[in-house]
Amino acid sequence: METKRDTFSGKLGFVFAAAGSAVGLGNLWRFPYLAAKYGGGIFILVYLILAVTLGFTLMITEIAIGRKTGLSAAGAFQKLDKRFGFVGALGCVVPFIITPYYCVIGGWVVKYLVTFITGQVGQAAADSYFGDFIAKPAEPVIWFAIYVILTAAVVIIGVQKGIEKASTILMPILVVLILVICGFCVTRPGAMEGVKYYLLPDFSAFSATTILAAMGQLFYSMSLAMGIMITYGSYMKKDTDLRGSVRQIELFDTLVAFLAGLMIVPSVFVFSGGSEEALNKGPSLMFVTLPKVFESMKLGGIIGAAFFILVLFAALTSSISLLETNVSMVCDKLHWSRKKATVIVAVYILVLGAIVSLGFGPLDFVKILGLGLLDFFDFLSNSVLMPIVALLTCICIGYFVKPKAICDEVEINKPFKEKKFYIFMLKYAAPVCLVLILIFAVSEAMGWIKV
Ligand code: PHE
């Protein structure tokens, strides 16, 4: 059907587009709270090791699958090996689980942006501000709906390209702003304690949960194991350096996450004493801590507003790529028009996301496997479905299609320096690690083991 696919212009175009999808709330909101919760330095260490081994292997594989077949996930696996067609379909389910709750957090960002623009920095910095806000029945749902409409409008009007262009300028500005905020935070009295917590691994805090959390974060942050990178790969030109691009995307994605953590985790020590309770805030961490930072800064109101605008942009480029994936899935399967598909998928997101949002307020008694609604969907996608998709991808390529197909694709124009390592990872190390982690995730969720 797809006779001619648009392609990205050269390596940089590709890297920026893929980085736009990769860099988002995963880096700015999710990474810091996981790092705070799972022991700081030890989490960073595990994450970095996983990024250059598992992350590298999977991203190379997915982008090469896409470029080789010229198809998105659903068709790509089918084309490579009929028996593995279902892997593509399974991968496509993941964005349907993530998008609703991603947009709930997007709504929180919009709310904070408006709070800062209207000069309510003092109120936002108060301890109970965030908790009171998300517990309300209607307000968070309204901000969430605004965020969904914003995302859907971009997808319908088709101005993604413009948004992506804008984000290539805004993203570097975001990094600079984060650096400035980092500089401010780490020079506050008491911050060194937090910097140490963040950078020095404490091996006694290590457990299988650390690996599980870091791996789920890796998939999430790099948009892996859900077909997105396959789609991006299908748009990549044959003469673009695949391996080099993967390295750059990984580096940029990890750098932004690392800096976001360096901005937020030491602040927890400065403003909330670094107690276990303060570090364990989970999804609310960024929203509770940063306003305190901005309140104590000169020009904090303006810096805060600028910060949340940039975060909103980073989040939008990611949620657009999520929604886009959902929409193209529906269009392919049901042959609806893009507009119809977008509207219907948006309604689905609105319904499921509203329920997730209410999970912090009127529905906070609803627990699945002991988890609140947002945490449950997060767990289901990141700790269960993505490892399954990643495992099946490794098995499909490692043992059926054979790694040579991927290596040849990578080597079209540049040598594949890590070829031996890649094949070892794909065939042995990654599958073993993924199976273990899946067993662990399920056992923990079922309450068979306690951590
Ligand atoms: N990687 C994005 C982030 O870090 C989230 C995302 C996941 C976006 C999957 C698109 C697809 O925020």
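Inside segment 359-412, residues that are without any contact (Cβ under 8 Å) to a residue 12 or more places away in the chain and part of a loop (DSSP other than H, G, I, E, B) make up a count of 6.
Selection over segment 66-88 of residues that are free of Cβ contacts under 8 Å to residues at least 60 places away in the same chain and touching a helix residue (DSSP H, G or I) at 6+ places or on another chain (Cβ under 6 Å) gives a count of 3. Considering segment 337-347, the residues that are free of Cβ contacts under 8 Å to residues at least 60 places away in the same chain and not β-branched (V, I, T) include one that is nearest to Y102 (Cα to Cα), namely A341.
Would a scan of segment 231-241 turn up a residue that is β-branched (V, I, T), in contact with a helix residue (DSSP H, G or I) (Cβ under 7 Å, 6 or more places away or on another chain), assigned to a helix (DSSP H, G or I) and more than 15 Å from the ligand (Cβ to nearest atom)? Explain how you work it out, then say what you get.
Looking only at segment 231-241, we keep the residues that are β-branched (V, I, T), and these are 231, 240.
Narrowing further to those that are in contact with a helix residue (DSSP H, G or I) (Cβ under 7 Å, 6 or more places away or on another chain): 231, 240.
Subsequent filtering for residues that are assigned to a helix (DSSP H, G or I) retains 231.
Imposing the further condition that a residue be more than 15 Å from the ligand (Cβ to nearest atom) reduces the set to none.
Within segment 231-241 (the criterion being β-branched (V, I, T), in contact with a helix residue (DSSP H, G or I) (Cβ under 7 Å, 6 or more places away or on another chain), assigned to a helix (DSSP H, G or I) and more than 15 Å from the ligand (Cβ to nearest atom)), the answer is no, since none of the residues qualifies.
Looking at (1) part of a helix (DSSP H, G or I); (2) hydroxyl-bearing (S, T, Y); (3) at positive phi, can you tell me which one S223 breaks? Failed condition: (1). Checked against the criteria, E295 counts as closer than 14 Å to F116 by Cα and touching a residue at least 12 places away in the same chain (Cβ under 8 Å). Looking at (1) under 30 Å from I344 (Cβ atoms); (2) modelled with pLDDT of 95 or more, find the lone condition where A64 falls short. So A64 meets the others, but not (1). Pick out the one residue from I60, I49 that is out of contact with any Ser or Thr (no Cβ under 6 Å at 6 or more places or on another chain) and in contact (Cβ under 8 Å) with a residue 12 or more places away in the chain. Exactly one residue qualifies, and that residue is I60.
Scan segment 15-49 for residues that are more than 15 Å from the ligand (Cβ to nearest atom) and either in a helix (DSSP H, G or I) or among the hydrophobic types (A, V, I, L, M, F, W, C) (or both) and jot them down. Walk me through how you get there before you give the answer.
Going through segment 15-49, the residues more than 15 Å from the ligand (Cβ to nearest atom) turn out to be 36-46, 48-49.
Hits for segment 15-49 are A36, K37, G41, I42, F43, I44, L45, V46, L48, I49.
From the list S275, S328, S284, S318, the lone residue that is among the hydroxyl-bearing types (S, T, Y), within 16 Å of the ligand (Cβ to nearest atom) and within 28 Å of G41 (Cα to Cα) is S318.
Could you check segment 370-415 and list, in sequence order, the residues that are among the small types (G, A, S) and on the phi > 0 side of the Ramachandran plot? Within segment 370-415, just G370 meets the criteria.
Among the candidates V93, V104, V109, V114, the residue that is within 16 Å of the ligand (Cβ to nearest atom), surrounded by fewer than 19 Cβ atoms within 10 Å (Cβ to Cβ) and in a helix (DSSP H, G or I) is uniquely V93.
The residues listed here are S9, S72, S21; of these, the one that is more than 30 Å from G131 (Cβ to Cβ), under 16 Å from the mean Cα position of the chain (by Cα) and of a type in the set (S, T, Y) is S21. Return the residues of segment 129-185 that are closer than 18 Å to P362 by Cα and of a type in the set (G, A, S); say none if nothing qualifies. Within segment 129-185, G131, A135, A138, A145 qualify.
The values are calculated or read from the model by the stated rules, or taken from the named source; none is laboratory data. Everything quoted here is computed from the prediction, not taken from an experiment. Here Cβ is always computed from backbone atoms with ideal geometry, including for glycine, and neighbour counts include all displayed protein chains.
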